[in-house]
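Beneath this line is the structure, given in structure tokens, with notes to follow.
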Amino acid sequence: MAIRTEPFILNVGPQHPSTHGVFRLRVTLDGEVVVDVEPVVGYLHRGIEKLAEGRTYTQNIPFTDRLDYLASMTNNFAYVLAVEKLAQIEVPERAEYLRIIMAEMMRIASHLMAIGFFLNDLGAMMTPVLYMWREREKLLDLFEMVCGQRLTYNYMRIGGVSQDIPEEFLPALKKFVAEMPTFIDEYEWLLSQNEILLARTKGVGILPRDVAINIAASGPVLRASGVKWDIRKADPYSIYDRFDFEVPVGNVGDCYDRYWVRMQEMRQSVRILEQALEQLPGGEVYAKVPQLLRPPAGEVYGHIEAPKGELGFYLVSDNSIAPYRFHIRPPTLINLTALKDMVIGWKVADLIVTFGSMDVCLGEIDR
Amino acid sequence: MTLLEQFRLWLATILPGWEWLAYVVPAIVGIVVILGFVLTMVIVFIWYERRLLGRFQIRLGPNRLGPEGVFQPIATAVKILLKEDVVPEKGDKVLHWLAPVIVFVPVLMIFAVVPFGERAILADLNVGIVYVVAISSISVVGIYAAGWASNNKYALISALRTVAQMVSYELPLILAIVGVVLMAGSLSMTQIVASQDIPFFILQPLGFVIFFLGTLAELNRCPFDLLEADSEIVAGYHIEYSGMKFAMFYLGEYGHALAYSCIIATLFLGGWQGPLLPPIMWLVIKALVVFSTIVWIRGTLPRLRVDQLMAFAWKGLLPMAIINLFMIAAEVLWLPETMLWIMGAVNLILAAGLILMWSKLFTLGGGRVEV
């Protein structure tokens, strides 16, 4: 005789150790099996897009820090690139290099957090995270040297960067770049062949290639599904065409591939950093830009390859000092739309792991 | 004759006409000594785990209160005692109160048969190891009751996981114990220790590994800590507990870890036997070594999924335990007693071969269910 059972609803979040912020998943469970998932977003909404319409182009830079707070520098970068595209401002070469150095350092820091917390979701309580934090800490120290901040940097300016690097920065960064590959080896030695990690992530939460393209996924989530799409290569911005690096691509699109792609991207970022340090020229770091910038009327979409995917800023100018429209394309919100397809039929533990492997940041999703 | 029995006989001689006192006093003395030992060691274990885990995670761990932070567990205890006791409004209040007791009491009862020395044992039962297995299973009922009484979905998932996990892992655990019993020729804990001229983990390595893994599951330790899975079901069955009731679970968990560390030491590592130091020190040292390994595993490995956990018990550990049992039975039957070392070598090769074979042939697998 079959026992009559019925699915029940479990609220994962908004206060839950694995939601990486204040995010709520309304999960319908049949025993341990996920039947339905309904993401509820908006707990961190601050109305940044509307606020930005009342402030000048320069005043908006600190807002971008608060989007993906684990990669503030890249957010700055994306925004100032969009404004420079709109106002057609030339940036000094040294500033371009500094921006790329910061962006790649930020990518390493962001991926370290992503992998660390992904392992935390898998149940390796805190140990991988703390090892990843050891390196992230060095990066944060470097950022602190440059701009005095450790989380919200507000370093880039329209037309350059706010200040030149101090003299102790380059030796410290060179030391970091020399050491980092051995640390990545250490992580891979601990994690990449771990029997339990393989069992928990291989084939779990698969995002097929065509689905990934259809939902406009980007970043490591898209590349893990086997699509070789990196804006640094596909639409080179700034001076990325001068560097030699590869785009790691997964082939299945499961949680393990997403983990693996991030691990390899850190190696590529170290390569870019090495080259940038070699080529770094002298000179100015800030172009002559008027204090109250009035870009010509028009619209622009500037996008970059942020650690979590394609971060875009769509700006409309009406030739005043503030943007008429300020829209953000957050990569993780769009990646997150695939979550439901990826987790239905899996266990509740897989739901947490798949969600962790998406590497979302709620500051960016709710903005 | 144990020390307590000797004490009782001596009391009977000096208290003629008060023979019942000669039964009551030694029992109370024994209980007080064991309680003192367990609670002290639990505090040591809590401090030790936090410090050791800190080292594994490149941080210091608690180091402020007292030398090397040794008083930190006391501060934790005071904090927990001062907390408000919250009972869920729609929960089952009686069960909610009873569950921590059901979890904690069996843990203390296990120590009745743990031999701390040649004659230092509270009750030298002739079925000691059966008693251990029977008593330690009771705490599952407590965990299930806690999960049910909390009226919380996370707690309920945890409670159901508990039952499945415990039932599955008790089988390989008991089969591994049977191997020990066959070799010792007795169910009594003192006899098992006495028969270990060569510690049993050398003579039956596979049994030791199986017992150790089963123990990890019994203790809800990583990688089998599914019922407290922080990242999934937050804290599992004790999510709705606070104050002293939570402390009971906490003490029960570490008490259980202490009890099973002592039992592993007794069954496989030669118990209290050892040169120079007093017997109880040897037992504590061996228990600490076992516990350190448990903490080490906790500090390294991710968690298994629930279906993989089941697969590992039923397809991995259970067949291996059965093969191990038959192999040891055959060796005990046919090999002469003087050839123990040959037995150890054969079993080591068997263990290595079986583990290698299983790691190649067997995958944890599991996966998507059509809904």
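The values are calculated or read from the model by the stated rules, or taken from the named source; none is laboratory data. Computed from a predicted model, the values in this text were never measured in an experiment. Please note: Cβ atoms are built from the backbone with ideal geometry, for glycine as well, and neighbour counts cover all protein chains shown.
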Taking the stretch B:170-214 and keeping only residues that are among the hydroxyl-bearing types (Ser, Thr, Tyr) and either within 18 Å of B:Leu335 (Cα to Cα) or crowded, with 24+ Cβ neighbours inside 10 Å (or both), one is left with B:Ser195
Residue count for the stretch B:260-280, restricted to those that are assigned to a helix (DSSP H, G or I) and crowded, with 24+ Cβ neighbours inside 10 Å
8
Report, by residue number, each residue of the stretch A:311-344 that is touching a residue at least 24 places away in the same chain (Cβ under 8 Å) and part of a loop (DSSP other than H, G, I, E, B).
A:Asn319, A:Ser320, A:Ile321, A:Ala322, A:Pro323, A:Tyr324, A:Pro330, A:Thr337, A:Ala338, A:Ile344
Look at the stretch B:234-244 and say how many of its residues are surrounded by fewer than 24 Cβ atoms within 10 Å (Cβ to Cβ) and either within 18 Å of the chain's Cα centre (by Cα) or within 29 Å of A:Pro14 (Cβ to Cβ) (or both).
6
Could you say whether any residue in the stretch B:237-250 is farther than 17 Å from B:Glu49 by Cβ, small (Gly, Ala, Ser) and touching a residue at least 12 places away in the same chain (Cβ under 8 Å)?
yes
Those helices (runs of 4 or more DSSP H) completely within the stretch A:1-96 that have 2 or more residues that are farther than 15 Å from A:Met156 by Cβ and either among the charged types (D, E, K, R) or more than 14 Å from chain B (Cβ to nearest Cβ) (or both) are A:48-52
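Is it the case, given these coordinates, that A:Arg367 is under 23 Å from the mean Cα position of the chain (by Cα) and without any contact (Cβ under 8 Å) to a residue 40 or more places away in the chain? Talk me through it step by step, then tell me what you get.
Numbers: under 23 Å from the mean Cα position of the chain (by Cα): yes; without any contact (Cβ under 8 Å) to a residue 40 or more places away in the chain: no.
So A:Arg367 fails the test.
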Give me the residue from the stretch B:281-314 that is more than 18 Å from the chain's Cα centre (by Cα) and either away from every other protein chain (no Cβ under 14 Å) or among the hydroxyl-bearing types (Ser, Thr, Tyr) (or both) and, out of that set, surrounded by the most Cβ atoms within 10 Å (Cβ to Cβ).
B:Thr300
How many residues does the stretch A:100-121 hold that are modelled with pLDDT of 90 or more and charged (D, E, K, R)?
2
Take B:Ala287 and decide whether it is in contact with a Ser or Thr (Cβ under 8 Å, 6 or more places away or on another chain) and of a type in the set (Gly, Ala, Ser).
yes
Filtered residues of the stretch B:148-184 (kept if in a helix (DSSP H, G or I), within 14 Å of another protein chain (Cβ to nearest Cβ) and more than 12 Å from B:Ala217 (Cα to Cα)):
B:Lys153, B:Tyr154, B:Ala155, B:Leu156, B:Ile157, B:Ser158, B:Ala159, B:Leu160
Is one or more of the residues making up the stretch B:107-121 free of Cβ contacts under 8 Å to residues at least 40 places away in the same chain and within 26 Å of the chain's Cα centre (by Cα)?
yes
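Among the residues in the stretch A:181-189, are any in contact with a Lys or Arg (Cβ under 9 Å, 6 or more places away or on another chain) and away from every other protein chain (no Cβ under 13 Å)? Explain how you work it out, then say what you get.
Quick first cut of the stretch A:181-189, residues in contact with a Lys or Arg (Cβ under 9 Å, 6 or more places away or on another chain) only: A:181, A:183-184.
From what is left, the residues that are away from every other protein chain (no Cβ under 13 Å) are A:181, A:184.
Checking the stretch A:181-189: at least one residue is in contact with a Lys or Arg (Cβ under 9 Å, 6 or more places away or on another chain) and away from every other protein chain (no Cβ under 13 Å).
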Which of (1) loosely packed, with under 15 Cβ neighbours inside 10 Å; (2) touching a Cys at 6+ places or on another chain (Cβ under 9 Å); (3) among the charged types (D, E, K, R) does A:Lys288 not meet, given it meets every other one?
(2)
Helices (runs of 4 or more DSSP H) wholly inside the stretch A:162-253 containing at least 2 residues that are of a type in the set (A, V, I, L, M) and more than 21 Å from the chain's Cα centre (by Cα)
A:169-191, A:195-201
Within the stretch B:233-245, track down each residue that is part of a helix (DSSP H, G or I) and more than 20 Å from B:Val140 (Cβ to Cβ).
B:Gly243, B:Met244
Failed condition for B:Leu226, given (1) within 12 Å of chain A (Cβ to nearest Cβ); (2) surrounded by 22 or more Cβ atoms within 10 Å (Cβ to Cβ); (3) in a helix (DSSP H, G or I); (4) hydrophobic (A, V, I, L, M, F, W, C)
(3)
Return the total of residues in the stretch A:23-52 being farther than 20 Å from A:Ile328 by Cα and aliphatic (A, V, I, L, M).
7
Look through the stretch B:35-76, keep the residues that are farther than 22 Å from A:Pro128 by Cα and hydroxyl-bearing (Ser, Thr, Tyr), and return whichever of them is surrounded by the most Cβ atoms within 10 Å (Cβ to Cβ).
B:Thr76
Give just the number: which of (1) more than 13 Å from every other protein chain (Cβ to nearest Cβ); (2) within 23 Å of A:Pro330 (Cβ to Cβ) does A:Leu142 not satisfy?
(2)
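This table checks each residue for (1) of a type outside the set (Phe, Trp, Tyr); (2) within 27 Å of B:Ala159 (Cβ to Cβ); (3) in contact with a strand residue (DSSP E or B) (Cβ under 8 Å, 6 or more places away or on another chain).
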position	(1), (2), (3)
A:Leu25	yes, yes, yes
A:Val37	yes, yes, yes
A:Tyr43	no, no, yes
A:Arg66	yes, no, no
A:Thr74	yes, no, yes
A:Val80	yes, no, yes
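Matching residues to (1) buried (at least 24 other Cβ atoms within 10 Å of the Cβ); (2) farther than 15 Å from A:Gly312 by Cα:
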residue	(1), (2)
A:Leu67	yes, no
A:Met102	yes, yes
A:Gly116	no, yes
A:Met126	no, yes
I want to confirm something. Restricting to the stretch A:333-367 and keeping residues that are surrounded by 24 or more Cβ atoms within 10 Å (Cβ to Cβ) and of a type in the set (S, T, N, Q), which single residue is farthest from the other protein chains (Cβ to nearest Cβ)?
A:Asn335
In the stretch B:3-32, the residues that are touching a residue at least 40 places away in the same chain (Cβ under 8 Å) and part of a loop (DSSP other than H, G, I, E, B):
none
Filtered residue count, the stretch A:320-367, keeping only those that are hydroxyl-bearing (Ser, Thr, Tyr) and closer than 23 Å to A:Ser110 by Cα:
4
